[in-house]
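Contents: one structure, followed by commentary.
What follows is calculated from the coordinates using simple rules that are stated; it is not laboratory data. Being a predicted model, the structure only gives us computed values, none of them experimental. FYI the Cβ positions are ideal-geometry reconstructions off the backbone, even for glycines, and counts take in every protein chain you see.
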Amino acid sequence: MIRSKLPHVGTNIFTTMSQLAAQTGALNLSQGFPDFTAPQPLLEAVGRHVGAGHNQYAPMIGLAALREQVASKVARLYGAKVDPELEVTITPGATEAIFCAIQAVIQPGDEAIIFDPCYDAYDPAVTLAGGRCVHVQLSDGDFAIDWQAFSDALTPRTRLVVLNSPHNPSGALITRADLDRLAQLVAERDLYLISDEVYEHLVYDGAQHASVLAHEQLYARTFVVSSFGKTYHVTGWKVGYVVAPPALSRELRKVHQYVNFCAVTPLQHALAEFMAAHPEHIDELPAFYQNKRDVFCSLLQGSRLRFIPTPSTYFQLVDYSAIRPDLDDQEMAVWLTREHAVASIPVSVFYQQPIAGQRLLRLCFAKREETLQHAAEKLCAI
Ligand code: PMP
Ligand code: GLN
């Protein structure tokens with residue numbers, strides 16, 4: 001028998017629920033991905049670059065043109081001057097970026113602080129590096145960071161803190177004041193940060209995304225991670241990037257060159273070209289997704305689900321306790337898929353210690369209006 005290095009890990013919830021949705025023919029609002037197409041010029045650019053012979057390995061750190069686009073975007077949005085040669089690395093998805101950053105900094109016996117509910121990619125990567133995750137709960141209700149609880153969790157072994165804002169699954173946003181507080185608390189410590197900002201452009205109601213890139217003091221010890229998949233509606237391309245100071249980027253690249261070496265070449269060409277030609281795409285995203293959120297939320301008013309419209313991401317949390325308080329959220333997600341043909345994600349899987357009595361599901365609204373209407377009809381009929 002092989003001795004598992006991840007004995008407590010099974011097939012993840014995104015795979016499980018997407019498979020169940022496919023098997024049952026349910027509308028899939030579980031795993032986060034759009035059901036609409038990416039911008040046509042971006043798709044055409046891929047074909048053109050494949051045809052033009054851009055089909056061999058890309059540079060290990062990413063295509064220069066794409067790294068330059070990332071650097072100019074972060075300068076424009078966050079006022080951060082980063083060197084595309086030394087501080088920007090293109091990776092096969094944000095997932096690989098996160099994995100490599102964790103392998104680069106975690107030594108056996110180190111601790112990493114992560115906040116629950118928590119995206120599922122962090123903990124296993126820390127375990128594989130020989131470290132241990134310390135889970136700190138976000139406040140019940142508003143999913144804000146409890147800085148006292150964070151401070152209590154810090155030890156001399158703390159080597160890494162993983163931030164995720166805009167936050168999956170709750171949509172909560174870290175503020176500039178949070179970043180200042182964090183900077184204060186970690187000032188004298190030998191630790192690093194990963195700031196998972198893959199939903200950086202999906203922020204609503206005029207709110208601003210507080211990027212670590214705009215916080216000089218924190219950036220000096222941070223790997224800032226993002227994903228072209230979310231921003232350009234192409235989650236299946238698995239292209240992401242990391243922005244980190246030169247010394248951190250150097251260590252990350254040592255890992256990245258052996259985990260994957262490089263991201264897919266023609267996709268990098270297409271993204272670089274599209275970013276240069278359509279800088280407005282990212283400026284239009286908040287209104288584009290806010291409209292989807294508003295359409296979905298107003299349709300759901302007719303249901304017995306309770307919710308507060310999410311301030312960010314493409315996920316809406318809903319409380320189903322008025323419908324089936326007798327079911328825990330994993331049972332509810334299966335019941336809803338099988339009996340009412342709508343697949344969702346149960347929120348308890350994002351916790352090390354689920355909150356007793358919490359009755360929350362996550363619904364993805366990155367969908368065509370027609371899909372949202374069908375889903376809402378089904379949900380309102382329960
Ligand atoms: N971080 C978070 C918070 C996510 O929701 C996702 C989702 N896809 C990722 C990282 C991974 O991004 P990618 O698909 O680019 O690997
Ligand atoms: N990030 C996506 C979500 O939260 C899923 C990514 C994956 O399937 N691993 O739904």
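Excluding the sites themselves, what is the longest stretch of the chain that contains no trypsin sites (Lys or Arg not before Pro) in a DSSP loop with at most 15 other C-beta atoms within 10 Å?
Value returned for the longest uninterrupted segment is 190-303.
Once you have a ≥ b ≥ c as the square roots of the Cα gyration tensor eigenvalues for region 168-281, tell me rounded if a/c is under 1.5, and otherwise prolate or oblate according to whether a/b is larger than b/c. Spell out each step's value before the answer.
On the way: a/c = 2.23, a/b = 1.24, b/c = 1.80.
Oblate, because a/c is 1.5 or more while a/b does not exceed b/c.
Using alpha carbons only, what's the Rg to Rh ratio of region 168-226 with Rh from Kirkwood?
We get a ratio of 0.97 for region 168-226.
Going down the table (5/378; 5/73; 73/238; 81/292), which pairs top 31 Å between alpha carbons? Can you show the working numbers first?
Values: 5/378 42 Å; 5/73 39 Å; 73/238 19 Å; 81/292 33 Å.
As for pairs spanning more than 31 Å Cα to Cα, those are 5/378; 5/73; 81/292.
Quick check on the chain: of the DSSP beta bridges with both residues there, what percent are antiparallel, nearest 5%?
Beta bridges within the chain, antiparallel portion: roughly 45 percent.
With no solvent and one equal point scatterer per Cα, compute the Debye intensity ratio I(q)/I(0) for the chain at 0.14 Å⁻¹ and report its log10, rounded to two decimals.
Debye curve over Cα of the chain, log10 I(q)/I(0) at q = 0.14 Å⁻¹: -1.29.
Dipole of the chain (Lys/Arg Cβ +1, Asp/Glu Cβ -1, origin at the Cα centre): which of 61, 149, 318 lies farthest to the positive side?
Most positive-ward Cα: 61.
Can you compute the modelled spin-label distance between residue 373 and residue 322, with each label point 7 Å from Cα toward Cβ, in nm?
2.4
Using only the alpha carbons of region 250-302, what is the convex hull's orientation-averaged projected area in square nanometres?
6.6
Could you give the length gained on full extension between residue 187 and residue 257, defined as 0.36 nm per residue of separation minus the Cα-Cα distance, in nm?
Working: separation 70, 0.36 × 70 = 25.20 nm, distance 3.10 nm.
Difference between extended and current length: 22.1 nm.
Quick one: Cα centre-to-centre distance for region 90-127 and region 220-279, in angstrom?
16
Rounded, prolate or oblate: pick one for region 51-148, where a ≥ b ≥ c are the square roots of the eigenvalues of its C-alpha gyration tensor, a/c under 1.5 means rounded, and failing that, prolate if a/b is larger than b/c, else oblate.
Judged from the Cα gyration tensor, region 51-148 comes out prolate (a/c at least 1.5, a/b above b/c).
Cα centroid distance between region 154-168 and region 171-198, in Å?
8
By DSSP, what percent of the beta bridges with both residues in region 177-291 are antiparallel, rounded to the nearest 5?
So the antiparallel bridges amount to about 50 percent of the total.
Can you tell me how region 220-363 classifies by the Cα gyration tensor, rounded, prolate or oblate, using a/c under 1.5 as the rounded cut?
Since a/c reaches 1.5 and a/b is larger than b/c, the shape of region 220-363 is classed as prolate.
Can you give me the distance in nm between label points at residue 15 and residue 284, each placed 7 Å from the Cα along the Cα-to-Cβ direction?
3.7
Pull out the extension gain between residue 81 and residue 340, defined as 0.36 nm times the separation in residues minus the alpha carbon to alpha carbon distance; nm, one decimal.
In short, 88.2 nm is gained.
Say R0 is 35 Å: what FRET efficiency, to the nearest 0.05, do residue 358 and residue 176 get from their beta-carbon distance?
0.75
For a label point 7 Å from the Cα of residue 380 along Cα→C-beta, name the residues of region 275-318 whose backbone N is under 20 Å from it.
291-310, 316-318
Go ahead and collect, in residue order, the members of region 317-352 whose backbone nitrogen is under 18 Å from a label point 7 Å along the Cα-Cβ direction of residue 149.
Within reach of a label on residue 149, which here means backbone N under 18 Å from a point 7 Å along Cα→Cβ, region 317-352 contributes 347-352.
May I ask you to list the chymotrypsin sites (Phe, Trp or Tyr not before Pro) in region 1-100 that are in a DSSP loop and have at most 14 other Cβ atoms within 10 Å of their Cβ?
Numbers: sites: 14, 36, 57, 78, 99; in loops: 36, 57.
Within region 1-100, the qualifying chymotrypsin sites (Phe, Trp or Tyr not before Pro) (loop, at most 14 other Cβ atoms within 10 Å) are 36, 57.
Give me the percent of Cα-Cα pairs in region 133-217 that sit more than 20 Å apart, rounded to a whole number. It would help to have the intermediate numbers written out before the result.
Working: 1141 of 3570 pairs.
Of all Cα-Cα distances in region 133-217, 32 percent exceed 20 Å.
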